[in-house]
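Undergrad: For reference, the structure I am asking about is given below.
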Amino acid sequence: LPEDVVDAGKDIAGYKSSDNTQHVSMIDTSGNTIADLSSTPLIIGADGVRSAFRALVRKDVTHLTTDVTDASGEDVKYGGRINIKAVVNKSLGEEHKSGHTHAAFAPDGSVAVFAGPAGEGSTYWAISVADSVTDGDAVTFTDGLPAGSDGKMALKEKLLAKLNSLDSDAYITTVIDLITETSAENIFCQKSEEAKELGTHPLHSADGRVVLAGDAAHAMSASYGQAANFALEDAATLAACIRDGNDLEGALKDYSKKRLDRCIEMQARSAERAAKAMKGEQAEDVSKWIFQWEIA
């Protein structure tokens, strides 16, 4: 992307519309303009799970006057797990079926181990670790780790110790080798979070100036790995609705109508699969339903 396209390090707290022209400007918590979008009449809010734009749409306001972090996290629920992942320049090995993701689960559901192809000669690995309970309080896997580079290395060492404590088999040993070969700086760690409820509001603001896409629209469990795919579906559907609609207002209503039912269904399916997988149970295979989608 051109350098002037990305403007990082800004906390967006809302937007303001021009009364005389069809354009919007993004503003910070003080109401100061962050980015003037010239003649653009629409903001596509694709700012992730903790979305400021989703908070604006849900509250039916144009400016978040409270703390943006608090407001954008109000309708997010924590799934009780820490997800740790990376891509490493190393093959999964010929003993594991190529082109497939492999998985293993601790008998008590405390750990899930995934690995699969990530391009020629590379493999992704992902470990999901459930919170433990100490003296009645939930303790996450990352509690107590230092910040910065030291924290990354400490996380890697703690993760390897956790996997080495499991009943070992060839697959677990392979994943341990993958993690060992991974630079600590390349390890990504995040809480398992998703939207508390979908369908309580449309995917666009009442004034037609903001539309939601991606995790901002439908944050869900990663159990089916569909977050990016559904974001692409959002983009294709939104483009088609704007192309075929008579006006922007109608196009946004059509977009919400076409996306909500499918996203609600996918979020429910993902939550079900996550819950069952952690118990070593099988969920219904909905792959055909996912991949046979067409733009309505």
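The values are calculated or read from the model by the stated rules, or taken from the named source; none is laboratory data. Keep in mind the model is a prediction, meaning the values are calculated, not measured. Glycine also receives a Cβ, built like all others from the backbone with ideal geometry; neighbour counts cover every protein chain displayed. Ligands, DNA and RNA are excluded from the accessible area calculation, which covers all protein heavy atoms including side chains. Shrake-Rupley method; radii C 1.70, N 1.55, O 1.52, S 1.80 Å.
Undergrad: Return a single number: how many Lys pairs in region 1-95, at a sequence separation of 8 or more or on separate chains, have alpha-carbon atoms below 28 angstrom apart.
TA: Step by step, the pairs that qualify in region 1-95 add up to 6.
Undergrad: Could you look at region 159-248 and say what percent of its accessible area is carbon and sulfur, using a 1.4 Å probe and all protein chains?
TA: Accessible surface attributable to carbon and sulfur in region 159-248 totals 49 percent.
Undergrad: A further question follows. How tilted is helix 227-244 with respect to the longest principal axis of the chain? Cα atoms for both, answer in degrees (0 to 90, nearest 10).
TA: Computed tilt is about 20 degrees.
Undergrad: Please find the FRET efficiency linking A8 to E294, where r is the Cβ-Cβ separation and R0 is fixed at 22 Å, and quote it to the nearest 0.05.
TA: The formula returns an efficiency of 0.05 here.
Undergrad: Given the convex hull of the Cα atoms of region 40-112, what is a quarter of its surface area in nm²?
TA: Projected area, direction-averaged: 9.4 nm².
Undergrad: Show me, for region 82-95, the HN-Hα J-couplings you get by feeding each phi into the Karplus relation (A = 6.51, B = -1.76, C = 1.60, θ = phi - 60°), rounded to Hz, glycine and proline as x.
TA: After applying 6.51 cos²θ - 1.76 cosθ + 1.60, I find 10, 9, 10, 8, 6, 10, 10, 7, 7, 6, 5, x, 5, 6 Hz.
Undergrad: Can you pull the percent of region 1-139's accessible area that's carbon plus sulfur, 1.4 Å probe, other chains left in place?
TA: Roughly 48 percent, rounded to a whole number.
Undergrad: Scan around I27 for amide H atoms under 5 Å from its own, H built in the peptide plane at 1.01 Å from N, and keep only partners 5 or more places away or cross-chain.
TA: A13, G14, Y15, K16, I34
Undergrad: Leaving out ligands and nucleic acids, and using a 1.4 Å probe, what accessible area per residue does the chain come to in Å²?
TA: Computed with neighbouring chains in place, this is 55 Å² per residue.
Undergrad: Normalise the Cα radius of gyration of region 76-211 by 2.2 N^0.38 Å (N = residues in it) and let me know the number.
TA: In units of the 2.2 N^0.38 Å rule of thumb, it is 1.25.
Undergrad: I would also like to ask the following. Pairing the Cα long axis of helix 248-277 with the longest principal axis of the chain, what angle in degrees results, from 0 to 90 and rounded to the nearest 10?
TA: Its long axis makes an angle of about 20 degrees.
Undergrad: Could you pull the accessible area for R50 with a 1.4 Å probe, rounded to 10 Å²?
TA: 110
Undergrad: Ordering E185, E233 from largest to smallest accessible area (1.4 angstrom probe), what's the sequence?
TA: The ordering from most to least exposed comes out as E185, E233.
Undergrad: Quote the Stokes-Einstein diffusion coefficient, in whole µm² s⁻¹, for region 197-296, based on the Kirkwood radius over alpha carbon pairs, a temperature of 20 °C and a viscosity of 1.002 mPa s.
TA: Calculated translational D: 150 µm²/s.
Undergrad: Let me ask you something else. May I ask for the angle, rounded to the nearest 10°, between helix 170-181 and the longest principal axis of the chain, with both axes built from Cα atoms and the value confined to 0 to 90°?
TA: The angle comes out at about 60 degrees.
Undergrad: Scaled to the compact-protein estimate 2.2 N^0.38 Å, what is the alpha-carbon radius of gyration of the chain, rounded to two decimal places?
TA: 1.12
Undergrad: For a quick size check, give me the Cα extents of region 1-122 along its three principal axes, largest first, whole Å.
TA: Principal-axis extents of region 1-122 (Cα, largest first): 66, 37, 21 Å.
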